[in-house]
Amino acid sequence: MKSIKKLKGVMVALLIVSLIVITACSGNQANNEPAPAPAPANNTDKEVEAIAEPAPTPKEPITLKVLMKDNAADFENTEVYKEIVKQTGVTMKIEKFDEKKFQVEMAGGDLPDIIQVPSKFIKELVEGNNIIPLDDLVQTNGPAILSKHYEKSVEYSKQFWSNNTGKLYVIPVQVGEGGFGFEQKVGFNVRWDYYKELGYPKISSTDDMINVLADMVKNHPTSPDGKKVYGVSLWNDWGTWGLTNTIGLMTGHRSNGFDSNTQKFYDMYTDTENSAIWDTADFLFKAKQKGILDPDAFIDKYGDVEAKAAKGTLLFAPATWPFESSNGEVLKQGPDKGFVTIPLDWGYTDVAGKTVAGWDGRQYAISKNAKDPQRAMDLINFLVSEEGSRLIGSGIQGVHWDIVDGKPQMKPETIKLASEGGDPWKLTGIGRANQQGLTDYTVLSDGGIVNLLNTPEVFATKLNSLNEDYIKHYGVTYPAEAYKKYVDEGKVTTLSDVPQDLFNALPKADDEIKNIGAKMTDLITKGIPSIVLSSKDEADYKVRQQALIDELKAAGSDRYFEWRVKGYEDTKAKYPNLY
């Protein structure tokens, strides 16, 4: 009874308070004046807002299969990956893109939850109902995709990557501004101390590259543990990347036949003087003739190249990537020891240009098999957002970078890790995925760029003894400036000289062209290794080369080239603003 009486008393008291509040509100409305709010005690407006706003409810953990292109094999063990899981509640079971496997899964309707896929497959994906339209999901779960950063990219995707439906099927990745970083990653990457030992020989051609590598192998024939050293290999688990880009990314002959130097298309299968494929084949053959080609060059995978770099049995790669993990250990052997990219005053260097389409092959789509499309969109939204892009490009706020005097800045200890390289740096995950929505140089709302390592302030503090020796020789203030100088002088082209958005808008291949393309890929994948390894001398090489060219022509290379050029010219005329 006492409890009931007490409860009644409480209810009466609450009723009286409610009546007083209602009366007060009525009185204020009658006077057209709002009721005065109580002044906050020792709190700013922002603090009050933060206090009043309820904390977001953590979402239930979920695991989604994500098909990614060119991701680091160990990305799932990094701090950045773990932070993505923490922020989104989504554990990504990452699968690496393999074109043949992808086509089988697409045909069987067995694709993972989220996919990154080249635009050439969008027509099939849409017509086969393998991916879902994202228009509604973006409105409910994609606020970052509705931001100003993505306005033009979304329209581009609807116009060119929707199979003429006008719907949004894929979210572009790596959109925004381009620029030089601290060091130039793609190019003729070799041991600096060995190059210095040779007297800094000028490199004016791929023949010069071979001669330099041969001299290095001659001077250093074995690794520290006594294994034979080779000058050249390539990785073969990125499709035809190794057969095209190993040298094409230096000459300017692109894998689609476009020449960044002349701004023209050439038949990359049959024009031996203007082809990324034949640039690489010639380079590999000459390396074999000099005795510096790794016998496993045509079966090595990326991980094998990394392992050989770590063991000291390989002296060249077309980029710094395979050497990044081992460079820190090599530097411990001496102040000028390690791998660097030698600046060339000719050809092309792979520096990003401005783009709204982003990097083709990395755009995100959600498959019809997604067990939770909303959570899939939540993950994509985070990865392409300012927050997600900064996380992938610069690491975790408060751990790797923070706001200092109102500006985002890398922490000194992070810069030190980046300078030293090795496993501790690799395990941060910074820059290990390149899967962020916004490019490294896109300016975010806090005034800083995505990749906070790419600022003059950081460049000045990031120099290690190897970098200092390098920039002293070239008379620059940071390593990439040695290449930037040649670009500024007009001697070297970059992605700014390549109409990326126009390429991504080109008509997609029909069944006839796709079949021809598949035949071309099969012929060069089998034919180039045979030519390189079997040719006895230059004359024999030319005979075998011509035999393969005859096969390529018989399989339809002329028709393929005609289709490519017509599509380019027609699209260029129809959309001149994309050039």
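The values are calculated or read from the model by the stated rules, or taken from the named source; none is laboratory data. If you're wondering where the values come from, they're calculated on a predicted model, not measured in any experiment. Virtual Cβ from ideal backbone geometry, glycine too; neighbours counted across all protein chains shown.
Here VAL487 meets the list (1) of a type in the set (A, V, I, L, M, F, W, C); (2) within 30 Å of SER419 (Cα to Cα); (3) in a helix (DSSP H, G or I); (4) more than 24 Å from the chain's Cα centre (by Cα) almost entirely, failing just condition (4).
Would you be able to say whether some residue in the range 69-81 is modelled with pLDDT of 95 or more, in contact with a strand residue (DSSP E or B) (Cβ under 9 Å, 6 or more places away or on another chain) and either charged (D, E, K, R) or on the phi < 0 side of the Ramachandran plot (or both)? Yes, that holds for at least one residue. Every condition in (1) touching a residue at least 60 places away in the same chain (Cβ under 8 Å); (2) buried (at least 17 other Cβ atoms within 10 Å of the Cβ); (3) not aliphatic (A, V, I, L, M) holds for GLY527 except the one numbered (1). All of (1) surrounded by 20 or more Cβ atoms within 10 Å (Cβ to Cβ); (2) in a loop (DSSP other than H, G, I, E, B); (3) outside the structural domain of TYR150 (by TED's automatic domain parsing) hold for THR477 with one exception: (1).
Quick one: which of PHE323, PHE298 is farther than 20 Å from LYS218 by Cα, surrounded by fewer than 21 Cβ atoms within 10 Å (Cβ to Cβ), aromatic (Phe, Trp, Tyr) and touching a helix residue (DSSP H, G or I) at 6+ places or on another chain (Cβ under 7 Å)? Result of the check over PHE323, PHE298: PHE298.
Here's the yes/no breakdown for (1) farther than 30 Å from VAL175 by Cβ; (2) under 32 Å from the mean Cα position of the chain (by Cα); (3) not assigned by TED's automatic domain parsing to the domain that holds SER260:
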| site | (1), (2), (3) |
| --- | --- |
| LEU495 | no, yes, no |
| LEU523 | yes, yes, no |
| GLY527 | yes, yes, no |
| VAL532 | yes, yes, no |
| VAL543 | yes, no, no |
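Only one entry of ASN274, ASN211, ASN261 meets the criterion of being crowded, with 17+ Cβ neighbours inside 10 Å and either assigned to a helix (DSSP H, G or I) or not aromatic (Phe, Trp, Tyr) (or both), and that entry is ASN274.
Of the candidates LYS536, LYS553, LYS542, LYS566, the single residue that is free of Cβ contacts under 8 Å to residues at least 12 places away in the same chain and surrounded by 13 or more Cβ atoms within 10 Å (Cβ to Cβ) is LYS542. What about VAL404, is it assigned by TED's automatic domain parsing to the domain that holds ILE115, closer than 26 Å to LEU427 by Cβ, out of contact with any Asp or Glu (no Cβ under 7 Å at 6 or more places or on another chain) and surrounded by 22 or more Cβ atoms within 10 Å (Cβ to Cβ)? So VAL404 fails the test. Could you give me the residue pairs with C-beta distances under 7 Å whose first residue belongs to the range 420-431 and is among the β-branched types (Val, Ile, Thr), whose second residue is in a loop (DSSP other than H, G, I, E, B) wherever it lies, and which are 6+ apart or on separate chains? Within 7 Å, the pairs are THR428/THR78; THR428/GLY395; THR428/HIS400; ILE430/GLY395; ILE430/HIS400. As a summary of the residue check, THR63 satisfies the conditions (1) over 30 Å from TYR575 (Cβ atoms); (2) at pLDDT 95 or above; (3) part of a helix (DSSP H, G or I) except for the one numbered (3).
Checking the structure you have, find out if any residue of the range 502-509 is free of Cβ contacts under 8 Å to residues at least 12 places away in the same chain and not assigned by TED's automatic domain parsing to the domain that holds ASN163. So far as the range 502-509 goes, no, none of its residues is free of Cβ contacts under 8 Å to residues at least 12 places away in the same chain and not assigned by TED's automatic domain parsing to the domain that holds ASN163.
Determine whether SER394 is buried (at least 21 other Cβ atoms within 10 Å of the Cβ), of a type in the set (S, T, N, Q), at negative phi and modelled with pLDDT of 95 or more. When the stated conditions are applied, SER394 passes them.
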